[in-house]
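Below is one structure, written out as structure tokens, with a few remarks after it.
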Amino acid sequence: MRKLVVNLLPENTGALKRVSTDSTDVTAPECTSFSPGLPIHLVDPVPFQEFGHVRTITELPAQADVVIVGGGIVGAATAFFLARSGRDPLLIEQGPELATRTTSVSAHAIRCQFSEPENIAQMSESLRMYETFRDVLGDASVQIDLTQNGYLFASTEEADVDVFRARVARQQELGVGDVELLDGDEIRFRFPWMSPDIRIGSFRRADGWIDSVAAANGFATASDASVMLGTSVRSIETAGGMVTGVQTDRGSVQTNMVVLAAGPWSRNLAPIPLPVALWRRHRLIVDPDDRIPQSAPMTIDANTGAHWRPHRGGALLAWAQPETDREATWPVEQDPAWLDLILRSDRGVTRLAPFWSDIEPSLNDQNTRFTAGLYTVTPDHKPLIGKAPGVEGLFLNTGYSGHGIMGSPSGSRLLADIVARRVDEDDNPFDPARFGAGTRPPDVEKIVL
Ligand SMILES: Cc1cc2nc3c(=O)[nH]c(=O)nc-3n(C[C@H](O)[C@H](O)[C@H](O)COP(=O)(O)OP(=O)(O)OC[C@H]3O[C@@H](n4cnc5c(N)ncnc54)[C@H](O)[C@@H]3O)c2cc1C
């Protein structure tokens with residue numbers, strides 16, 4: 001019997017909520033529109049965008065004040081906040097440009113509806129930064145297309161009414177004053193395409209999404225950090241428990257400070273074991289279609305985890321399916337069966353938004369783009385930010401557990417404050433040492449996708 005595990009956990013139990021179904025329940029009609037070998041588009045084909053002027057260098061310096069490994073949104077934000085606090089970072093990225101890996105295949109979305117206080121605080125700070133991004137960066141030309149259509153979590157289960165009521169009350173107590181508890185009628189009044197079966201939901205208008213590739217390039221440009229592209233860090237060198245440099249495929253750099261921000265690859269590079277697992281997550285982008293309401297929020301089926309949002313006249317669909325740990329690769333191989341689940345099964349997006357059943361027959365590999373990426377997941381679904389235990393000079397900024405677009409501005413500001421000793425380790429809820437022996441087990445984030 002195969003179970004679908006849904007990661008939207010009831011706050012009151014802390015237990016995994018399981019939707020019991022055997023595999024036959026999720027077997028959908030034969031896929032006819034899609035061929036299994038869909039082309040992999042690594043990055044959204046955006047209209048040509050000039051991302052400002054990242055200061056790329058072509059020769060690796062012999063020494064650096066601080067080396068950042070990885071040029072996704074996390075590495076780029078790290079460069080910005082370290083530079084703003086007076087450091088002189090060298091950012092090393094193996095890809096040909098910044099933010100072409102996990103960041104580029106994400107859903108690019110931001111929400112403050114979480115269960116844990118530190119996650120609410122982190123996402124709230126990040127969202128404020130994205131709302132005032134030009135001022136934060138001091139760059140009036142940067143465009144990240146912040147779209148605040150909101151996030152709607154909705155359930156068809158009567159039993160979830162109390163769960164949602166408690167969740168919204170807690171979020172409001174924790175400072176998210178504008179999250180609303182909506183019954184089914186109110187949801188259908190605001191979003192008339194939604195299913196008559198919906199019983200309860202929570203909605204926050206200010207949640208939304210951005211162009212995170214543009215945000216990463218904006219951070220890197222504003223940092224004025226030296227950026228070495230097309231260069232792979234092979235190892236972080238240490239002597240006597242202290243960082244001494246990095247070895248790359250183009251030579252070595254001496255430094256006594258390294259920030260590891262290599263997303264799913266961080267685990268391979270860290271000289272200590274990292275408490276992370278890599279989970280595959282799929283995403284489907286649907287080309288513009290008049291039948292897809294562009295005023296829709298990010299809409300999450302709280303009973304299955306299937307979710308979608310408008311995207312440039314079309315839509316972006318994703319799903320939190322159970323996955324087991326895997327190795328970091330690029331590109332990440334897709335499972336074509338996922339398309340049946342999200343589009344054609346009775347647990348996919350049609351359950352809450354029935355109009356998808358009208359659209360589905362017209363989808364094919366010409367008008368969609370199917371990608372997969374990896375979540376870097378920690379045991380409590382909170383990032384690892386701060387000193388790497390036992391290695392002097394090594395800092396971690398990774399493990400965002402599916403929330404790196406929304407978490408990294410605040411997380412990287414925190415990292416820079418830790419480096420500058422403006423924040424004490426005891427005041428850091430994301431201290432990588434929190435899973436060590438003798439520490440209190442951390443509280444697990446329950447509203448994860
Ligand atoms: C389908 C999907 C949907 C998602 N949706 C959301 C969402 O809506 N909101 C949200 O907040 N998060 C979302 N996420 C998670 C988010 O994408 C990640 O948390 C975030 O992109 C992590 O950024 P990163 O910079 O750590 O990783 P990456 O973007 O992967 O960047 C790491 C970089 O390190 C580089 N690197 C690796 N090894 C080396 C090396 N040895 N030398 C040099 N460079 C190296 C890589 O080339 C890469 O560019 C989603 C993820 C997926 C897969």
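The values are calculated or read from the model by the stated rules, or taken from the named source; none is laboratory data. Since this is a predicted model, take the numbers as computed values, not measurements. Here the Cβ positions follow ideal geometry from the backbone for every residue, glycine too, while neighbour counts run over all protein chains shown.
Working carefully through the options Ala372, Ala388, Ala353, find the one that is within 17 Å of Ser106 (Cα to Cα) and among the small types (Gly, Ala, Ser). Quick ask: steps written out before the conclusion?
Working: Ala388 fails: within 17 Å of Ser106 (Cα to Cα); Ala353 fails: within 17 Å of Ser106 (Cα to Cα).
Result: Ala372 is the single residue among Ala372, Ala388, Ala353 that is within 17 Å of Ser106 (Cα to Cα) and among the small types (Gly, Ala, Ser).
Would you mention how many residues in the stretch 420-449 are polar (S, T, N, Q) and touching a strand residue (DSSP E or B) at 6+ places or on another chain (Cβ under 8 Å)? Steps first, please.
Residues of the stretch 420-449 polar (S, T, N, Q): 428, 439.
Filter once more, keeping what is touching a strand residue (DSSP E or B) at 6+ places or on another chain (Cβ under 8 Å): 428.
Here the count works out to 1.
Listed here are the residues, each with its yes/no results for (1) in contact with a Leu (Cβ under 6 Å, 6 or more places away or on another chain); (2) in contact (Cβ under 8 Å) with a residue 24 or more places away in the chain; (3) within 21 Å of Ile200 (Cβ to Cβ).
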residue: Val259; (1), (2), (3): no, yes, no
residue: Gly263; (1), (2), (3): no, yes, no
residue: Pro271; (1), (2), (3): no, yes, no
residue: Arg281; (1), (2), (3): no, yes, no
residue: Val286; (1), (2), (3): no, yes, no
residue: Thr299; (1), (2), (3): yes, yes, yes
residue: Asn303; (1), (2), (3): no, yes, yes
residue: Trp308; (1), (2), (3): yes, yes, yes
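For the stretch 114-129, which residues satisfy the criterion of being under 21 Å from Ile144 (Cβ atoms) and touching a residue at least 12 places away in the same chain (Cβ under 8 Å)?
Residues satisfying the conditions are Gln122, Met123, Ser124, Glu125, Ser126, Leu127, Met129.
Out of Glu97, Glu118, which single residue is acidic (Asp, Glu), at pLDDT 95 or above and more than 25 Å from Trp319 (Cα to Cα)?
Working: Glu118 fails: more than 25 Å from Trp319 (Cα to Cα).
It is Glu97.
What residue, of Ile359, Ile342, is modelled with pLDDT of 95 or more, in contact with a Lys or Arg (Cβ under 7 Å, 6 or more places away or on another chain), part of a helix (DSSP H, G or I) and β-branched (Val, Ile, Thr)? Please lay out each step first, then the result.
Numbers: Ile342 fails: in contact with a Lys or Arg (Cβ under 7 Å, 6 or more places away or on another chain).
Just one listed residue meets the conditions, Ile359.
Can you pull out every residue in the stretch 284-302 that is in contact with a Ser or Thr (Cβ under 7 Å, 6 or more places away or on another chain) and either buried (at least 22 other Cβ atoms within 10 Å of the Cβ) or within 30 Å of Ala239 (Cβ to Cβ) (or both)?
Of everything in the stretch 284-302, those that are in contact with a Ser or Thr (Cβ under 7 Å, 6 or more places away or on another chain) and either buried (at least 22 other Cβ atoms within 10 Å of the Cβ) or within 30 Å of Ala239 (Cβ to Cβ) (or both) turn out to be Leu284, Val286, Ala302.
What tally of residues in the stretch 119-132 results from selecting those that are among the charged types (D, E, K, R) and under 16 Å from the mean Cα position of the chain (by Cα)? Can you show your working first?
Going through the stretch 119-132, the residues among the charged types (D, E, K, R) turn out to be 125, 128, 131.
Next cut, under 16 Å from the mean Cα position of the chain (by Cα) only: 125.
The qualifying residues number 1.
Looking only at the stretch 264-310, count how many residues are away from the ligand (no atom under 11 Å from the Cβ), under 29 Å from Gln94 (Cα atoms), over 15 Å from the mean Cα position of the chain (by Cα) and in a strand (DSSP E or B).
Looking only at that region, the number is 0.
With within 16 Å of the ligand (Cβ to nearest atom), buried (at least 22 other Cβ atoms within 10 Å of the Cβ) and touching a residue at least 12 places away in the same chain (Cβ under 8 Å) as the only criterion, which of Ala225, Ala154, Ala206 stands out? If you could, list the steps in order and put the result at the bottom.
Details: Ala154 fails: within 16 Å of the ligand (Cβ to nearest atom); Ala206 fails: buried (at least 22 other Cβ atoms within 10 Å of the Cβ).
Step by step, each of Ala225, Ala154, Ala206 is checked, and only Ala225 is within 16 Å of the ligand (Cβ to nearest atom), buried (at least 22 other Cβ atoms within 10 Å of the Cβ) and touching a residue at least 12 places away in the same chain (Cβ under 8 Å).
Any residue at all in the stretch 50-58 that's in a loop (DSSP other than H, G, I, E, B), modelled with pLDDT of 95 or more and either under 25 Å from Thr368 (Cβ atoms) or within 6 Å of the ligand (Cβ to nearest atom) (or both)?
Within the stretch 50-58, none of the residues are in a loop (DSSP other than H, G, I, E, B), modelled with pLDDT of 95 or more and either under 25 Å from Thr368 (Cβ atoms) or within 6 Å of the ligand (Cβ to nearest atom) (or both).
What single numbered condition from (1) in a loop (DSSP other than H, G, I, E, B); (2) more than 11 Å from the ligand (Cβ to nearest atom); (3) at pLDDT 95 or above fails to hold for His41?
Only one criterion is unmet by His41, namely (3).
So, in the stretch 393-421, of the ones that are in a loop (DSSP other than H, G, I, E, B) and without any contact (Cβ under 8 Å) to a residue 60 or more places away in the chain, which residue ends up surrounded by the fewest Cβ atoms within 10 Å (Cβ to Cβ)?
Keep residues of the stretch 393-421 that are in a loop (DSSP other than H, G, I, E, B), which gives 393, 399-403, 420-421.
Now restrict to residues that are without any contact (Cβ under 8 Å) to a residue 60 or more places away in the chain: 401, 421.
On the way: Ser401: 24, Arg421: 8.
Out of the qualifying residues, it is Arg421.
Take the stretch 311-332 and flag every residue that is modelled with pLDDT of 95 or more, assigned to a loop (DSSP other than H, G, I, E, B) and on the phi < 0 side of the Ramachandran plot.
Hits for the stretch 311-332 are Asp325, Arg326, Glu327, Ala328, Thr329, Trp330, Pro331, Val332.
Just to check your reading of the model, which residue among Ile73, Ile110 is among the β-branched types (Val, Ile, Thr), farther than 22 Å from Ser266 by Cα and touching a Ser or Thr at 6+ places or on another chain (Cβ under 7 Å)?
Exactly one of Ile73, Ile110 is among the β-branched types (Val, Ile, Thr), farther than 22 Å from Ser266 by Cα and touching a Ser or Thr at 6+ places or on another chain (Cβ under 7 Å), namely Ile110.
Here is a yes/no grid of residues against (1) within 10 Å of the ligand (Cβ to nearest atom); (2) aromatic (Phe, Trp, Tyr):
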{"site": "Gly348", "(1), (2)": "no, no"}
{"site": "Trp356", "(1), (2)": "no, yes"}
{"site": "Asp365", "(1), (2)": "no, no"}
{"site": "Thr371", "(1), (2)": "yes, no"}
{"site": "Lys382", "(1), (2)": "no, no"}
{"site": "Val391", "(1), (2)": "no, no"}
{"site": "Gly399", "(1), (2)": "yes, no"}
{"site": "Gly402", "(1), (2)": "yes, no"}
{"site": "Ala416", "(1), (2)": "no, no"}
